[in-house]
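The values are calculated or read from the model by the stated rules, or taken from the named source; none is laboratory data. These figures come from a predicted structure and were not determined experimentally. Every residue, glycine as well, gets a Cβ built from its backbone with ideal geometry; the counts of neighbours run over all protein chains shown. To get the accessible areas, we keep the full protein, side chains included, count just its heavy atoms, and leave off ligands, DNA and RNA. Shrake-Rupley method; radii C 1.70, N 1.55, O 1.52, S 1.80 Å.
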Amino acid sequence: MDASLSEATSGAIGALVSTTILYPLDTCKTKYQAEVRAHHQKKYRNVSDVLWEAISTGQVLSLYQGLGTKNLQSFISQFIYFYGYSLFKRLYLEKSGSKTIGTKANLIVAAAAGACTVILTQPLDTASSRMQTSEFGKSEGLWKTLSEGTWSDAFDGLGISLLLTSNPSIQYTAFDQLKQRLLKEQLKKKAGVDSSSEVLSAFSAFVLGAVSKCIATFVTYPAIRCKVMIQAAESDEDNGKEGQPKSEKTVTGALYAIWKREGLLGFYKGIEAQILKTVLSSALLLMIKEKIYKTTWVLMLALSRLLSISHHRLKTI
């Protein structure tokens, strides 16, 4: 049975669980990031204001608006990413004849897997962002959200999303390299143990995932904020304004809007919530993935055996 499939399945399940657990925080963070106004006009002073708005208006459940779409997008994107990463990595090792993959090659492999993921799942990503940034209680379904604009609108932010493939590339490469070093240290203490059967403890996977993601998030945050702005739904307040420029739906337009209204620090508005959310999400994802990988592998191996036996019996009939 292809190890890439087991890697992809465990990664996708990890993404599904972590996305669901942290979704209210993600909604508050996204709505806060999407707001670009002069300081005295801001509706939200911090991320907690978004949470308070939901509570005070009796729309707490609206913190989960778009959860189904987000989970679908997370599951599919992580499955594609981990499958692509594992597959490209194995192909590289087969072609190069090497037993291990270097940092540079790992970055290229991770970026290629990320690019494939973005292109295939961008409409779902756009829809989930629009649903999260809609007014509380006014979010619409997936199909209606996507059908409101043109087909090209569903790919809003594709360019910057491709640029942001550097984020998981940096994070997953750092995690993989740190993991290999840690496992080598563990194997030195366990003579005769096969490295392929060794997995990280939940705590180790959590810490390594948090550290690697924190660095990647800080480096790429300005692009992350621009992407949220480009994909955000227009609020009722914005619709009432004549001067809401379409240019803000482009990368250069979003950058200019942030610079003009919020200054240099505006590029890092909401970074605390972003780091908290992404670090916890990635750490949980990788922790869950590491813990269920062995189980997934055994189940798929057993399924492969059963299919092989069934196929053999059918041939003999």
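Among 219, 228, what's the order by accessible area (1.4 angstrom probe), most exposed first?
Working: 219 95, 228 15 Å².
Greatest to least solvent exposure: 219, 228.
Cross-link list 213/277; 95/289; 29/227; 179/213; 227/277: which exceed 19 angstrom alpha carbon to alpha carbon?
Values: 213/277 10 Å; 95/289 27 Å; 29/227 13 Å; 179/213 14 Å; 227/277 16 Å.
Cα-Cα > 19 Å for 95/289; rest within.
Applying 1/(1 + (r/R0)^6) with R0 = 35 Å to the Cβ-Cβ distance of residue 163 and residue 37, what FRET efficiency is obtained, to the nearest 0.05?
Values: r = 25 Å, r/R0 = 0.72.
With R0 = 35 Å, the Cβ-Cβ based efficiency is 0.90.
Using 0.36 nm per residue of separation minus the Cα-Cα distance, give me the extension gain between residue 144 and residue 115 in nm, one decimal. Display every interim value, and only then the final one.
Details: separation 29, 0.36 × 29 = 10.44 nm, distance 2.66 nm.
Gain on stretching residue 144 to residue 115: 7.8 nm.
Calculate the spin-label point distance for residue 181 paired with residue 91, positioning each point 7 Å from the Cα along the beta-carbon direction, and give it in nanometres.
With each label point 7 Å from Cα toward Cβ, the separation is 3.0 nm.
Which of the trypsin sites (Lys or Arg not before Pro) across segment 41-72 are loop residues per DSSP, with 14 or fewer other Cβ within 10 Å? Don't skip to the end; give the middle numbers.
Numbers: sites: 42, 43, 45, 70; in loops: 42, 43, 45.
Counting only loop positions with at most 14 other Cβ atoms within 10 Å, the trypsin sites (Lys or Arg not before Pro) in segment 41-72 are 43, 45.
Carbon and sulfur atoms: what percent of the 1.4 Å accessible area of segment 24-182 do they account for?
With neighbouring chains kept in place, the figure for segment 24-182 is 63 percent.
So for each of 97-105, 116-124 I average, over its residues, the number of other beta carbons within 10 Å; can you give me the resulting order with the highest mean first?
Sorting 97-105, 116-124 by mean packing, highest first, produces 116-124, 97-105.
So how exposed is residue 90, as accessible area in Å² (1.4 Å probe, rounded to 10)?
For residue 90, solvent-accessible area is about 90 Å².
Could you provide, to the nearest whole Å², the per residue accessible area of segment 26-160 with probe 1.4 Å?
50
In segment 15-31, which residues have a backbone nitrogen under 20 Å from the label point lying 7 Å from residue 61's Cα in the Cα-to-Cβ direction?
20-28
Taking 7 Å along the Cα-to-C-beta vector as the label spot, tell me the residue 272-residue 49 distance in nanometres, rounded to one decimal.
Distance between label points: 1.4 nm.
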